[in-house]
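Have a look at the structure below, then the notes.
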Amino acid sequence: MPTAILTGQPVPGSSLEGDLRSLGFDVRAAVDAADAETLLAAVPADQRVAVVDARFVGHVHALRLGLTDPRFEAAAIPGAVTARPAARPALAGALRTASSDASNGSVVVGIVTDRVAELLGTGLHRPELGELVAAVPRDPQARNEARQAVDAVDDEAIRLRTAVKSRDGFFTTYCVSPYSRHLARWCARRGLTPNQVTTASLVTALIAAGCAATGTRGGFVAAGLLLLLSFVLDCADGQLARYSLQYSTLGAWLDATFDRAKEYAYYAGLALGAARGGDDVWALALGAMVLQTCRHVVDFSFNEANAGSAAAATGPTAALSGKLDSVGWTVWLRRMIVLPIGERWAMIAVLTALTTPRTTFCVLLIGCAFAACYTTAGRVLRSVTRRAVGVPPGVQRRGRSDRAVRALADLTDSGPLARACAALLGRLPARPPFGSRLLIALPGAVLLVVAARTSGHGSWWPVLAAALYVLTSGAAVARPLGGALDWLVPPVLRAAEYGTVLILAAEAEVNGALPAAFGLVAAVAYHHYDTVYRIRGDAGAPPHWLVRAIGGHEGRTLLVTVLAALLAAEDFTVALTALAVAVALLVLFESIRFWVTAHRRGAPAVHDEGEPA
């Protein structure tokens, strides 16, 4: 149980002690900084401690934001400061200094918390309180005014409003969040956790996929309704986390991972339902998954490449974007045309209920293709035009942080073959065209896809193209990905690998080949998403042994082309299935082991408010 230490003389009639207990704190009183230091030393080192001025007047939610958020090691609001175990030594040192100041008269009893917060310095998180009140009145009149200010503001209404994601799509903002936040509060009052709601959303989506797999009109209607319900629960889990500040590393991973699992399982359900009606849409289902995954990789790569870079927000393209964002209707239009998860799932649900799986996938592919072109073109323009504002062409690498370069290298998912080629080809000239890693990776990727598409099953041309792809992808990562457009290298490699698997499975022209390819791409895509979530959580990329075991993108691609050349169509399907199972077992085992272990070890909680997925 966390401990709250009250400093200074207690105020008759104050509800502070009760408020702190309602937040789960064990409350203890200290008369001065020295006494607070003694009480702090008695608290077990693995527990959170808060030091609160006994004269504090404010909203309970202000205390909640300042003292209970698990994402920050140390935080403060006026009159209160807190530290998690990692920041306890700093808190003890600050109290020691405050006690020394008090003994020589430079700090008086009752304002210890402000001095402690000042001593903790820049590593201290100070939440935005907005209309919420948090104050330490110095006299009865000021205390009365502070109490009136507290009574004038409904902190529960603010808590409910701020539970909604600050930046979201139009459909989510206006069609789901107005009531899903009340569902989140209902869950909080009944002791449900965000992870439980996330799991309920996954189960609902899997049931929806099962309904779609029936291939009946009633099943399609039920599937559409359940998919919408799953999305409502998906919104509610994040709102519950924000409402009750129940952030966790495991929760963030579950939320992100289950979103992808739900959508892609639903694609499979639709394809199975169409097959029951005599229509084979597995190629469309796999194409939709490939396109959506590549879109996400573009988002992740661009964001990671520009993390911490001021240049990303400069240039004429960024300026134009800022002007458009200043006009209300253009903001919502731009958020809708990128087809975020809310709009995308609503479209899928309606089309499932009213049309056929083939129509659903065709519309989805067209919409996602347009969104991909729009977002990628904008980011390419941002990357190119930012050079005009003080980033000379010759110093692009220096304009990208070491963390960004390392993240891009991890996102390439290069295996032992590519790394060996990188070691051999690392002496290529660094100036253009070899200075741009994209210009090395793109030709090999395009040639691979073209060879797979223009050769029938059993041809060795895709194998030769895959061998060249191994060389070009290795050469692309031989030097740091520091060029203006080198963030496009990971999505190019993803498109080449996924697209080759799709095309070779379609060329086999036997039942089961495309579903097996769907399973393989799903397993590999999970590995790539898991890599992104680890990087976002500052946990680094998956271990090298895992990347080596599953071959890296180039090893898997080469293996699939060899299997397609050597095996008959039926045997190729069996091989794809076996490869999919092997990859899935390895990546799931390592991923689950890593995230559960990180959660048990008390890894810092994360909560990503980034782009709508």
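The values are calculated or read from the model by the stated rules, or taken from the named source; none is laboratory data. Treat the numbers as computed from the prediction; the structure is a model and nothing was measured. Glycine also receives a Cβ, built like all others from the backbone with ideal geometry; neighbour counts cover every protein chain displayed. Ligands, DNA and RNA are stripped out before the accessible areas are found, and what is left, the full protein with its side chains, is counted by its heavy atoms. Shrake-Rupley method; radii C 1.70, N 1.55, O 1.52, S 1.80 Å.
Quick notes on this one:
- Evaluation of residue 511 against the conditions (1) open to solvent by 40 Å² or more (accessible area, probe 1.4 Å); (2) over 25 Å from residue 581 (Cα atoms); (3) in a loop (DSSP other than H, G, I, E, B) shows that the sole unmet condition is (2).
- Neighbours by Cβ (under 8 Å, 6+ apart or cross-chain): first from the range 579-591, over 13 Å from residue 529 (Cα atoms); second open to solvent by 70 Å² or more (accessible area, probe 1.4 Å): 579/559
- If you go through the range 272-301 and pick out every residue that is among the aromatic types (Phe, Trp, Tyr) and closer than 22 Å to residue 216 by Cα, you end up with 1.
- Taken over the range 194-214, the residue count meeting the criterion of being outside any helix (DSSP H, G or I) and either under 18 Å from residue 253 (Cβ atoms) or at pLDDT below 95 (or both) is 0.
- Odd one out for residue 568, checked against (1) under 22 Å from the mean Cα position of the chain (by Cα); (2) surrounded by fewer than 19 Cβ atoms within 10 Å (Cβ to Cβ): (1)
- Of all residues in the range 341-349, one or more are modelled with pLDDT under 95 and open to solvent by less than 10 Å² (accessible area, probe 1.4 Å).
Rundown of residues vs (1) among the hydroxyl-bearing types (Ser, Thr, Tyr); (2) open to solvent by 30 Å² or more (accessible area, probe 1.4 Å); (3) without any contact (Cβ under 8 Å) to a residue 60 or more places away in the chain; (4) outside any loop (DSSP other than H, G, I, E, B), yes/no style:
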{"position": "120", "(1), (2), (3), (4)": "no, yes, yes, yes"}
{"position": "127", "(1), (2), (3), (4)": "no, no, no, no"}
{"position": "137", "(1), (2), (3), (4)": "no, no, no, no"}
{"position": "141", "(1), (2), (3), (4)": "no, yes, yes, yes"}
{"position": "147", "(1), (2), (3), (4)": "no, yes, no, yes"}
{"position": "151", "(1), (2), (3), (4)": "no, yes, yes, yes"}
{"position": "157", "(1), (2), (3), (4)": "no, yes, yes, yes"}
{"position": "163", "(1), (2), (3), (4)": "no, no, no, no"}
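- Candidates are the residues of the range 174-201 that are surrounded by fewer than 18 Cβ atoms within 10 Å (Cβ to Cβ) and under 25 Å from residue 129 (Cβ atoms); the one that is farthest from the chain's Cα centre (by Cα) is 189.
- Residue 167, sole failed condition from (1) closer than 19 Å to residue 247 by Cβ; (2) open to solvent by 50 Å² or more (accessible area, probe 1.4 Å); (3) part of a helix (DSSP H, G or I): (3)
- Highlighted here are the strands (runs of 3 or more DSSP E) found entirely within the range 18-89 that include at least 3 residues which are open to solvent by 30 Å² or more (accessible area, probe 1.4 Å): 26-30.
- Single residue of 312, 319, 283 found to be open to solvent by 30 Å² or more (accessible area, probe 1.4 Å), modelled with pLDDT under 65 and assigned to a helix (DSSP H, G or I): 319
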